[in-house]
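Right, one structure below, let's go through it.
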Amino acid sequence: MKKSLQILGLCLIAATAVRAQDPGATVGSTGSVTFNYAGQQVTLTSVRAADGKIWLQQNLGSSQVATAATDTASYGHLFQWGRWIDGHQLRNSSNQQVTTLTINNPSGISGNANFLRNNVQPLWWGGTATTTPAGNPQLSDTWSAGAPSATNGTDPCAALGAGWHMPTNTDWLDVRTAENITSLTSGFSSNLKLPYSGYRNGANGGVQQSGYANLYWTSSNYSVQYPYVIYNGAVSNNWSRGYGASCRCVKTVVNCTGTPDGGHIDMPDTSICPGNSLGLNLIGASVASGISYQWQSRSVSSGNFADISGANTITYIVSTLPFATEYRCKVTCTSSSDSAFSDTVAIGIATLEVQLGNDTTICNGNALTLDAGNAIPGISYVWSDNSTAQTLTLSNAGTYWAMVNDINGCSGSDTINVSVLNPPAGDSIIVSAGNNMDYTFSIANGNGINTYDWQFGDNSAHDAQASPVHTYTQQGTYIVTVVLSNECGDITLSKSIAVKPTGITETDATRLGISLYPNPTQDYVYLEFHKKINVQYITLSNVLGQEVLRHSGMASKLNVQALPAGTYYMRIQSDNGSATMKVSIR
C-alpha cells in the first residue's frame, strides 16, 4: 500500500515493508524482504553475515544477488550521499550542472530527480567552511530515516522496514573483519557478495570503474565535507557527498520481550488439487531476535494441532495434502518463553468426480450415451476418440474413457468397458431317448442364451436347465417348447414327439435300416445303411445340444478323434425321416 507524506513541497513515497523472512542464526543462511521500491514491489535477498547481523546480499536497485563479480544485474543504483529514492540514483539519470543551489541542503532539492554535479565550490551539500552559513555542511549532518531537513537526508534503507538502515562506518569495519574482507576478490567471495559495481563521478556525472571497483556509502561523517565510504569492499576512506555510490543495507535486530504478535496467514480458506502445492505466508507477526516460528496442522476441525517437522520459517509450503487440513503458526519469544498463534486457515482437496458407471452390455443395434458430468464454467473434456463434448454416444463394443480438467489444474478420469450382445439363437430342439420314458432335451447350435424355459407338453412343471432330463408317465404325442432368452430378447422353439416305453418314434434307426459301430469308439464311427435311403446330412451334438460335427450327404465313416471323451447324439436326416443315436467317445 502506498502512503503519501507531504513535507516542504516534497512528495515522498513511503515504502512500507510487505513481508520479511529473516535468515536463520547460522552464518550464511539467507532470507528475504519484500517492500515497495520506487513505486514497485520488489524482493531482495538478505543474509546472516559473520558479524551476526542481517545484511542485504544485494545492492539497492539490483535485480539479483551477484553470480559473478562483474554480474551487471547485481550492480544496482548509485546514490549521492543524503539523497533518497527520487530517480537521481538510476545509473543513467540525467545529470545537472549546478554552480549554486538556492537552498543547498536535502530539503532544498524538492522534486529534483537529476544527478547534481559540480566541480567548483560549493558542491551540493558541501563546502569547506567550518561555520554554518546556508548551504554549508556540518559534522552533525545525518542520513537516517524520516523526512528530509536542512541537516538530514532520508535513508533509502528505511524503505525495507523496521530496523533497516544505512550501515555506519563501524558496521562496515565489523563485518569486514568478521568476513575477512581484505580485497575486491574477498569482498565478492564473502557472504555479502559485493560486485564490482563502480561509482559515479560528482564532477562530470560519468559512471566509472564498473567491473573493476566498488564504492559503498556509510551514514557516518569523516569531516565537515566528507562522509566515510568503503572502497573496493576493503578500505575505509572518505569521499565527497556529490559522488554516486552503492548502498548496502543492514538491519538492527531487537531482542524480543514479552508475548509476541502471532500475525495472520495471507491466505483465505481454499482447496488445492491433488499433487499441487500452495505457499502459506505469515504476515504481521513479531520480527525480532529470539523469535521462533513453528507451523502446526490438524485434520479440519478434528483433534489437536501438532508441530510440522522442519516448518520453522514464516513461509510454509503445503504439498501432497492427504486430507482437508487446518494450519496455523506458533510464534514464540525464546527469552520470555511466551507464545502466540496466528489465525487458522483450512486447505481442502479439490477433486473432479468422473463417473461413467460400471462396465455394461448393450444390445446390438442400440446406443448408449456416457456423461462425464461436471458441467461448470471452465471445464474441458477429452474422450478416448478425441471428442470434446460433455457426453459421448456409442453403439460398438470397446473400452471408453473420459478425462476432465478445470481452470485450476484439477483433473479426473474414468474408464468403462462396453460389450455388445446379440439376441439368443438356436436351430432346433434335440431329443434323446434314455431308459423307459426318460428323455434328454437340448438345443442345436444354441448361442447367447442366458435363460431356458422348458415345457414338456404334459402339464408338468417348467424346467430352467440348459439340457433337462424329463420322465413322461404316459405314452403319447407331446409338443415340447422352450423359450430361450437374454436381456436383448427371446425366441421360442417347438418340437412334436411321440413317447413310448422304448423311446422316441419320430423315426428310429432300425426302421431306416441304419446301424453304427463300434460304440463306444475313440477314432472313427462306421455307418451301415441296410436300406436304400437318401441322406441329407449327418450331425453330431454334445449333451448341451451344441453341434460339434456336420457332414452333408451320406457317409460311411466319420472321424471323431478330435472330440473329447463323452456322450454325443448322432442325428441322420433322410428323405424318409430322421433318426437319433447315442454315441460314446472314450
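Values in this text are rule-based calculations from the coordinates and carry no lab data. Only a predicted model underlies this, so the values are computations on that prediction, with no experimental measurement involved. FYI the Cβ positions are ideal-geometry reconstructions off the backbone, even for glycines, and counts take in every protein chain you see.
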What length, rounded to one decimal in nm, is gained on full extension from T177 through to N519, with 0.36 nm per residue of separation minus their alpha-carbon distance? 111.8 nm
Given 4 °C and 1.567 mPa s, how large is the Stokes-Einstein diffusion coefficient of the range 519-586 in µm²/s, with Rh as the Kirkwood radius over Cα pairs? 106
Measuring from centroid to centroid over Cα atoms, what is the spacing of the range 429-443 and the range 272-337 in Å? 81
Expressed in nm to one decimal, what extension gain is obtained for the pair Q209 and Y537 from 0.36 nm per residue of sequence separation less their Cα-Cα distance? 107.0 nm
Give me Rg over Rh for the range 411-467, both radii from the alpha carbons and Rh done the Kirkwood way, two decimal places. 1.27
Run the quick spin-label model on S584 and A25: label points 7 Å from Cα toward the beta carbon, then report their separation in nm to one decimal. 9.7
For labels at A562 and S144 in the simple 7 Å Cα→Cβ model, what's the distance in nm? 10.8
Applying 1/(1 + (r/R0)^6) with R0 = 35 Å to the Cβ-Cβ distance of Q474 and N396, what FRET efficiency is obtained, to the nearest 0.05? 0.10
For the F529, Q465 Cβ pair and Förster radius 30 Å, calculated FRET efficiency rounded to 0.05 is 0.30
Calculated log₁₀ intensity ratio I(q)/I(0) where the Debye formula runs over C-alpha points of the range 150-228, q = 0.13 Å⁻¹: -0.51
Calculate I(q)/I(0) for the chain by the Debye formula, one identical point scatterer on each C-alpha and no solvent, and give its log10 at q = 0.09, 0.10, 0.11, 0.12 Å⁻¹ to two decimals. -0.86, -0.96, -1.04, -1.11
Using eta = 0.692 mPa s and T = 37 °C, Stokes-Einstein with Kirkwood Rh from Cα pairs puts D for the range 435-545, in µm² s⁻¹, at 203
What's the lysine pair count for the chain at a Cα cut-off below 21 Å, pairs eight or more apart or interchain? 9
Give me the one-decimal nm value for the distance between modelled label points at V548 and S413, 7 Å along each residue's Cα-to-Cβ direction. 4.6
To the nearest 10 degrees, how steeply does helix 169-179 sit against the main Cα axis of the chain, on a 0 to 90 scale? 50
Note on the range 360-417: C-alpha Rg/Rh, Kirkwood Rh, two decimals, gives 1.01
Show me the three semi-axes of the equivalent ellipsoid for the range 187-311, from the C-alpha gyration tensor (sqrt of 5 times each eigenvalue), largest first, rounded to whole Å. 47, 19, 13
Expressed as a rounded percentage, what relative contact order does the chain have, with Cα pairs under 8 Å and six or more residues apart? 8
So how far, in whole Å, is the C-alpha centre of the range 192-221 from the one of the range 234-257? 13
As a footprinting exposure proxy, order F529, F115, F441 by other Cβ within 10 Å, with the fewest listed first. F529, F441, F115
Excluding exposed DSSP-loop GluC sites (Glu not before Pro) (at most 14 other C-beta within 10 Å), longest clean stretch of the chain: 1-352
Full extension between N366 and T70 adds, at 0.36 nm per residue less the Cα distance, a length in nm of 99.1 nm
Where does the range 223-277 land on the Kirkwood hydrodynamic radius, alpha-carbon pairs, in angstrom? 17.4
Least to most buried among R248, R586, R83, R298 (fewest other Cβ within 10 Å first): R586, R298, R83, R248
Once you keep just the Cα pairs under 8 angstrom separated by 6 or more residues, what percentage relative contact order results for the range 264-349? 38
Can you list residues whose amide H is under 5 Å from T151's amide H, if they're 5+ apart or on another chain and H is modeled 1.01 Å from N? none
Y216, Y231 arranged by Cβ crowding within 10 Å, fewest neighbours leading: Y231, Y216
I'd like the Karplus ³J(HN,Hα) series for the range 68-74: coefficients 6.51, -1.76, 1.60, θ = phi - 60°, whole numbers in Hz, and an x wherever there's a Gly or Pro. 8, 4, 10, 6, 5, 5, 9
Once you have the alpha carbon radius of gyration of the range 264-349, what is it after dividing by 2.2 N^0.38 Å, with N set to its residue count? 1.08
Between V483 and V382, what FRET efficiency follows from the Cβ-Cβ distance if R0 is 45 Å, with the result rounded to 0.05? 0.50
Of every Cα-Cα pair in the range 49-109, the percent that sits beyond 14 Å: 68
